[in-house]
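First comes the structure, then the notes that go with it.
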Amino acid sequence: MQNIRIKSSLQDFNESIAPVIDHLKELYKKEIRSDRGLRNAIEKRNTLDEQLQTIFTKSFSDPDSWLWNNYESYGIDKFIGWHYIGKEDTFQDKCNNINRTLNNRIEFLDQFSSILPHLDVILKREPLIDIENPNIEDILYLILFKLNNLKGNNLNSVQWILAGNGITLPRGDDELKEIIQELLKSSFITNDYKSYQITIKGELQLGRWQRSRERKTVKQSKNSIDEVIKELKILGLGQEILFNELEELNALSKTLNQKNWKQLVKGKIFDLTLSEIINKETASFIVSKILPNKDFKYLLSKGSENL
């Protein structure tokens, strides 16, 4: 889901998908009374799914990478592709199977159309979370953080928040239910038919977690500065002015918030490089040691002019 890139406008997509959703709903409501009716329902469903695949391929870049092949990450049954209908299944079993797959598609499309305008908020990474190896507190913090940014949206899905940030729960839906129940039990969120909203108590808890994480990150960076100074002296790199600047960063880490402090680090290293007090290799070494890995990679992705 992190790879979602829309090629057309949201309006074009919604206008294209709306009649297909209507036809799915009509087919779902229609009672199947015979084998012929069952065959017709399957053929119509197949035709509608072909239309859906065409619309998604036209509207999004590489939908195969985040929709057809990764449906489990959304907490729903398979979206494209059929559930196997066995020869030994009863007529009613086959009808139930068709209706279930139709209902899955309708629920997914309704939810997707509602969430789509807010995807930027869902997909934007939160720097205070270890996305690569999240623990349970990371996951709880992420959910509250995203719900806080999605306030006012009437269809907030925890499944989409996790999927949009590349988080797969080891125990799947069972673990997801436990997490949601814990947030509800703690009164951090409320639930209105699978749409979750953060409460005032949840906002207060989010603020506490956020401040704690910022202090921890700055402390880690402060320790890194001490290590950098030692390593630079051992390697015989840098001048006294560089060490003074690094010591100043150390002192400012106690008074500035994380965002401002990181910007200051980038600015100071850039100025030292521009004035040729240090070369780009030394600048890269310092930044890679002080800033979180994702910030260092971001600077590199923007080119050496940032260093």
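The values are calculated or read from the model by the stated rules, or taken from the named source; none is laboratory data. Just so it is clear, the model here is predicted, and its values are computed rather than measured. A quick note on method: Cβ atoms are made from the backbone with ideal geometry, for glycine too, and the neighbour counts reach across all protein chains shown. Surface areas here come from the heavy atoms of the whole protein model, side chains and all, with no ligands, DNA or RNA. Shrake-Rupley method; radii C 1.70, N 1.55, O 1.52, S 1.80 Å.
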**Request:** Name the single residue, out of those in the range 36-92 being over 29 Å from Leu162 (Cα atoms), charged (D, E, K, R) and at pLDDT 60 or above, that is least open to solvent (accessible area, probe 1.4 Å).
**Result:** Arg45
**Complete:** Of the conditions (1) more than 24 Å from Arg211 (Cα to Cα); (2) outside any loop (DSSP other than H, G, I, E, B); (3) modelled with pLDDT under 75; (4) open to solvent by less than 70 Å² (accessible area, probe 1.4 Å), the single one that Lys297 does not satisfy is (4)
**Message:** With touching a residue at least 60 places away in the same chain (Cβ under 8 Å), assigned to a helix (DSSP H, G or I) and either open to solvent by less than 10 Å² (accessible area, probe 1.4 Å) or not small (Gly, Ala, Ser) (or both) as the only criterion, which of Asp120, Asp138, Asp110 stands out?
**Reply:** Asp110
**Prompt:** Residues in the range 197-237 that are touching a Ser or Thr at 6+ places or on another chain (Cβ under 7 Å) and modelled with pLDDT under 90: how many?
**Reply:** 4
**Request:** Report yes if Glu126 is surrounded by fewer than 16 Cβ atoms within 10 Å (Cβ to Cβ) and assigned to a helix (DSSP H, G or I), otherwise no.
**Result:** no
**Message:** On the basis of being at pLDDT 80 or above, within 30 Å of Phe285 (Cβ to Cβ) and not charged (D, E, K, R), does Asn191 make the cut?
**Reply:** no
**Prompt:** Name the residues in the range 141-166 that are within 15 Å of Phe188 (Cα to Cα), part of a helix (DSSP H, G or I) and open to solvent by 20 Å² or more (accessible area, probe 1.4 Å), would you?
**Reply:** Phe145, Asn148, Asn149
